[in-house]
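For reference, the structure is listed below as structure tokens.
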Amino acid sequence: MALTAGIVGLPNVGKSTLFNAITKAGAEMANYPFATIEPNVGMVEVPDARLARIQELIPADKVVPTTFEFTDIAGIVKGASKGEGLGNKFLENIRQVNAIVHVVRAFDDDDITHVNGVINPLDDIDTINTELVLADLEAVEKRYARVEKMAKSAKDKDAIAEFKVLEQLKPVLEAGKPARSIEWNDDEQKIVRGLFLLTSKPTLYVANVAEDDMANPSQSKYYQQIEKFALADGAEVIGISARAEEEIAEMDDADKAEFMELQGIEEPGLNRLIRSAYHLLDLRTFFTAGGKETRAWTFRAGFKAPQAAGVIHSDFERGFIRAETVAFADLDKYETMKAVKEAGRWRSEGKEYAVQDGDIIEFRFNV
């Protein structure tokens, strides 16, 4: 399932450090703007404690977690929508991702140059969001005149529907607000998706805090500013220290546990980030268990049982008969499939069943 979350931000805010920590891919880092030019893409495992519990209760030969992609995109500067810095290249790279992870610098360090010479998270956020809005406004304005003519002269139903969407979009973008601030119905949403707008993408803000603040990001004045903005923007915010997370990612399990205990944290901040980005992409997980492997599978929220079966193999979807299903919470509670069935919690679901996050499924099919 080729869905990717793009990591964006001003130059030198810690994007590539964060990407390295997430993927251990070794993306280039440097203390100067535009060290990242071509986007780096890395696969990450989705941390999920349910896998270990399923393996404990229904042992298999191996355990396979699910994965998805992060893309590290070059830093943006003011004027990118007009071609400044890496301008159009940056914007096109964002256009290719499904969701935005917006990294904002929330730490002081005289040794790391800030592109604007001063630490101001809200100004940094505004710089990027403004460039995205301006790029979308330019795209909408170009399409507006052409679609208006088609809607009025040809009485084309599709053109009329699109023009109504453009009429709503244009004043919102002119006011400096993102396309995602508008509530669309299902038909309108299809049209918006076809416009490939940068500001229609779901966004997660990541406050890159100092290592001293990693256990309690809310004590950072910078984090507080970012959190207030994110809440007003209807977005989620996470506070992590990219530098510390990169160090944690390179430690063995014993050192990692000791470091986290000293810092007063229960798990790496990256785990929270990965799970948040996964859900931002509207992704969920179902499991298959026992035998050769216990495995986590990624599906889109709202998938019906045959679609979820198709994630495993197209034959499963084509020849779908039923999905024998147990909720993870029920297996966790009753501990054996026999006990689950005796409690009446085992289910046989048909083609219209909407798969739920955490379902443990055995698909029956015939081709």
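Odds and ends about this structure:
- Residues of type lysines that Lys228 reaches as a straight line, Cα spacing below 30 Å, ignoring anything fewer than 8 places off in the same chain: Lys15, Lys78, Lys82, Lys170, Lys177, Lys201
- For Arg243, Arg275, the ranking by accessible surface with the largest value first comes to Arg243, Arg275, using a 1.4 Å probe.
- Protein accessible area in the chain, 1.4 Å probe - carbon and sulfur %: 47 percent
- Long-range amide H partners of Val64 with built H, under 5 Å: Thr294, Arg295, Ala296
- Fluctuation leader among Pro121, Pro178, Pro59 - the chain, Gaussian network, Cα springs under 10 angstrom: Pro59
- Couplings 3J(HN,Hα) of the range 201-214, computed from phi: 6, x, 10, 10, 8, 10, 7, 7, 8, 5, 4, 5, 9, 5 Hz, in residue order, whole Hz [Karplus 6.51 cos²θ - 1.76 cosθ + 1.60, θ = phi - 60°; x for Gly and Pro].
- DSSP-assigned coil residues among GluC sites (Glu not before Pro) in the range 123-199, each with at most 13 further Cβ atoms within 10 Å: Glu183
- For the chain, a Gaussian network of Cα nodes joined below 10 Å ranks Tyr223, Tyr353, Tyr205 by mean-square fluctuation, and the top entry is Tyr353.
- Comparing Leu231, Leu137, Leu51 in a Gaussian network model of the chain (Cα springs below 10 Å), the most mobile by mean-square fluctuation is Leu231.
- Karplus 3J(HN,Hα) series, Hz, for the range 304-318 with 6.51 cos²θ - 1.76 cosθ + 1.60 (x for Gly, Pro): 7, 3, x, 5, 5, 4, x, 5, 6, 6, 4, 5, 5, 6, 5
- Vicinal HN-Hα couplings computed from phi for the range 152-158 (Karplus, 6.51 cos²θ - 1.76 cosθ + 1.60; Hz; Gly/Pro x): 8, 8, 8, 6, 6, 4, 5
- Over the chain, Cα pairs under 8 Å with separation of 6+ residues give a relative contact order of 19 percent.
- Euclidean distance between Cα centres, the range 91-146 to the range 39-75, Å: 29 Å
- Counting only protein heavy atoms and a 1.4 Å probe, the range 129-199 has 60 square angstrom of accessible area per residue.
- Exposure ranking of Asp110, Asp359, Asp212 by accessible area [1.4 Å probe, largest first]: Asp110, Asp212, Asp359
- Antiparallel bridges, percent of DSSP beta bridges restricted to the chain (to nearest 5): 50 percent
The values are calculated or read from the model by the stated rules, or taken from the named source; none is laboratory data. Computed from a predicted model, the values in this text were never measured in an experiment. Here the Cβ is made from the backbone with ideal geometry for all residues, glycine too, and neighbour counts use every protein chain on show. To get the accessible areas, we keep the full protein, side chains included, count just its heavy atoms, and leave off ligands, DNA and RNA. Shrake-Rupley method; radii C 1.70, N 1.55, O 1.52, S 1.80 Å.
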